[in-house]
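Bear in mind that the values in this text are calculations on the coordinates, not laboratory data. These figures come from a predicted structure and were not determined experimentally. For neighbour counting, all protein chains shown are included, and Cβ atoms are generated from backbone atoms with ideal geometry for every residue, glycine included.
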Amino acid sequence: MKFEEIEAVMRKNESLSEQYILPGNYIVVRLDGKGFTKLTKEKLTLDKPFDEKFGRVMIDTTRHLFNTGFKVIYGYTQSDEISLLIGKDDQTFSRKTSKLNSVLAGEASAFFSLQFQEVCVFDCRTIAIPNLDMLLDYFCWRQEDAHRNSLSAYCYWTLRNNGFTAKQATGKIEKMPQAEKNELLFQYGINYNTLPTWQKRGVGIYNKEIMKPGFNPVTRETVDCVRKELFVEKELLMRREYRDFLREIFNNE
Ligand SMILES: Nc1nc2c(ncn2[C@@H]2O[C@H](COP(=O)(O)OP(=O)(O)OP(=O)(O)O)[C@@H](O)[C@H]2O)c(=O)[nH]1
Ligand SMILES: [Mg+2]
């Protein structure tokens, strides 16, 4: 076959293999640290179950993803994962899932690795979401997951710090209802309700309108201007109130 013929076949196969997020759907992507259980244990020196620097770097990585060419409306991070809402009408890379996944995973992995001077890798998946209700369900689901995991992680490490082996600690909390987990922590002097909100509910990031003093060169006066700035919300509300908070952000886009 001639070069031109081979090229035509290859390009056809390549384009027929592509998947796209259909028009009118919201684009949600979720990135997750690959093998972070091992990585956090063996390569990074971190506090357990939550580490201030790790949490800060996850926030900074999420902020970085707002500047990678996609129209990111909302970012949410908990543990080693990041979810992003990308605008319904965003046409970047013609909405090709392979481009979304590879570019965002690459950007997050590179940025995060530089902060720890260690090779750290994120995977990325893209999810099409057809309506607002499902979108709100998605983000509420990730927050509920954060809440459950943080309660379990606190129980696990409290038991480990009090003489339980890994197997014993896992076995003890495996089927324990949430109320009992709260009680268990209380017995060891930990009030789960007073722990930092970001550890229990994750962190939300979005562009928020703020008033900033600006200078009018014509009148030479200082005037208040409305600016949009990336805002990090570490005190997220929960359940219905979180849903209402998200609806307001999403409706403004
Ligand atoms: N020490 C510490 N570990 C953390 C912190 N945040 C997340 N992790 C770790 O990140 C891991 C995330 O778990 P998963 O994403 O379920 O598992 P994984 O090992 O990354 O595996 P895959 O995601 O399937 O590749 C947890 O097991 C924690 O050990 C933190 O603040 N401190
Ligand atoms: Mg992971």
Residues (within 13 Å of Glu233 (Cα to Cα), out of contact with any His (no Cβ under 7 Å at 6 or more places or on another chain) and part of a helix (DSSP H, G or I)) located in the range 177-204: Thr197, Trp198, Gln199
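May I ask you to verify whether Gln78 is in contact (Cβ under 8 Å) with a residue 24 or more places away in the chain, within 15 Å of ligand 2 (Cβ to nearest atom) and polar (S, T, N, Q)?
yes
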So Leu237, is it surrounded by 10 or more Cβ atoms within 10 Å (Cβ to Cβ), touching a Phe, Trp or Tyr at 6+ places or on another chain (Cβ under 7 Å), aliphatic (A, V, I, L, M) and touching a residue at least 40 places away in the same chain (Cβ under 8 Å): no
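Considering each residue of the range 10-36, count those that are of a type outside the set (D, E, K, R), within 16 Å of ligand 2 (Cβ to nearest atom) and either touching an Asp or Glu at 6+ places or on another chain (Cβ under 9 Å) or on the phi > 0 side of the Ramachandran plot (or both), and give that number.
4
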Which numbered condition Asp145 fails, given (1) farther than 24 Å from Glu241 by Cβ; (2) touching a strand residue (DSSP E or B) at 6+ places or on another chain (Cβ under 9 Å); (3) among the acidic types (Asp, Glu); (4) outside any loop (DSSP other than H, G, I, E, B): (1)
Cβ-Cβ under 6 Å pairs, at least 6 apart or on other chains, the range 129-143 side farther than 12 Å from Gly202 by Cβ, far side part of a helix (DSSP H, G or I): Ile129/Leu135; Leu136/Arg243; Leu136/Leu246
Long-range neighbours under 6 Å by Cβ, at least six apart or interchain, first residue at positive phi within the range 93-122, second hydrophobic (A, V, I, L, M, F, W, C): Arg95/Ile21
Tally, over the range 78-100, of residues that are within 16 Å of ligand 1 (Cβ to nearest atom) and touching a strand residue (DSSP E or B) at 6+ places or on another chain (Cβ under 6 Å): 4
When residues of the range 51-75 are limited to those that are of a type in the set (A, V, I, L, M, F, W, C) and within 15 Å of ligand 2 (Cβ to nearest atom), the one surrounded by the most Cβ atoms within 10 Å (Cβ to Cβ): Met58
